[in-house]
1. What pairs can you find where one residue is in the range 31-58 and farther than 17 Å from Ala78 by Cα, the other is open to solvent by less than 70 Å² (accessible area, probe 1.4 Å) and of a type in the set (D, E, K, R), and their Cβ atoms are less than 8 Å apart, with a gap of 6+ or different chains?
2. Please enumerate the residues belonging to the range 17-60 that are of a type in the set (A, V, I, L, M, F, W, C), open to solvent by less than 90 Å² (accessible area, probe 1.4 Å) and within 27 Å of Gly95 (Cα to Cα).
3. With respect to Asp98, is the statement that it is out of contact with any strand residue (DSSP E or B) (no Cβ under 8 Å at 6 or more places or on another chain), surrounded by 10 or more Cβ atoms within 10 Å (Cβ to Cβ) and at pLDDT below 80 true?
4. Can you pull out the residues in the range 44-86 that are outside any helix (DSSP H, G or I) and at pLDDT below 85?
5. Under 7 Å by Cβ, and 6 or more places apart or on different chains, what pairs join a residue from the range 64-80 that is among the aliphatic types (A, V, I, L, M) with one that is surrounded by 13 or more Cβ atoms within 10 Å (Cβ to Cβ)?
Amino acid sequence: MPKRNSSNSPRPIAAVSPTIGEIEGRLLVLEMIASSSTAKLLRLHDSQEKTELIAAILTDIDVDCRSRGLHIRDIRDAQEYAEELLKDAQDQADGLDDIKHAYVNRERD
């Protein structure tokens, strides 16, 4: 993405808004990082802690969205999206555990 004009810059560069592709790319990267980090986090907690963690995340989304003035429908959509990400992360975490256990069992065989 081109940089904006800077008062310290010897050559001015025209201010350009990011393209939709750049925004989508950044969102995709953030989603992938969040998903993989959450998967590793979910592997480390028992089921009660996972439930509490997910509830806390959804509550934080609700509080933050309300403080920013979002409508209730937008808040629910954000929470549903978070739940989808968390479900995908849990599936990844379960897959990591399956791989780990399969590898350990293979060494015993």
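The values are calculated or read from the model by the stated rules, or taken from the named source; none is laboratory data. Not measured: the values here are computed from a predicted model. Reconstructed Cβ throughout: ideal geometry from the backbone, glycine too, with neighbour counts over all protein chains shown. Ligands, DNA and RNA are excluded from the accessible area calculation, which covers all protein heavy atoms including side chains. Shrake-Rupley method; radii C 1.70, N 1.55, O 1.52, S 1.80 Å.
1. Taking only residues 6 or more apart or on different chains, the pairs are Leu42/Lys50; Arg43/Asp97.
2. Of the residues in the range 17-60, the ones of a type in the set (A, V, I, L, M, F, W, C) are 20, 23, 27-30, 32-34, 39, 41-42, 44, 53-58.
Those left that are additionally open to solvent by less than 90 Å² (accessible area, probe 1.4 Å): 23, 29, 34, 39, 41-42, 53-58.
Answer for the range 17-60, where residues must be of a type in the set (A, V, I, L, M, F, W, C), open to solvent by less than 90 Å² (accessible area, probe 1.4 Å) and within 27 Å of Gly95 (Cα to Cα): Val29, Ala34, Ala39, Leu41, Leu42, Leu53, Ile54, Ala55, Ala56, Ile57, Leu58.
3. Values: out of contact with any strand residue (DSSP E or B) (no Cβ under 8 Å at 6 or more places or on another chain): yes; surrounded by 10 or more Cβ atoms within 10 Å (Cβ to Cβ): yes; at pLDDT below 80: yes.
Yes.
4. Filtering the range 44-86 for residues outside any helix (DSSP H, G or I) gives 44-46, 68-71.
Within the range 44-86, Leu44, His45, Asp46 meet the criteria.
5. Ile75/Asp62; Ile75/Cys65; Ala78/Ile61; Ala78/Cys65
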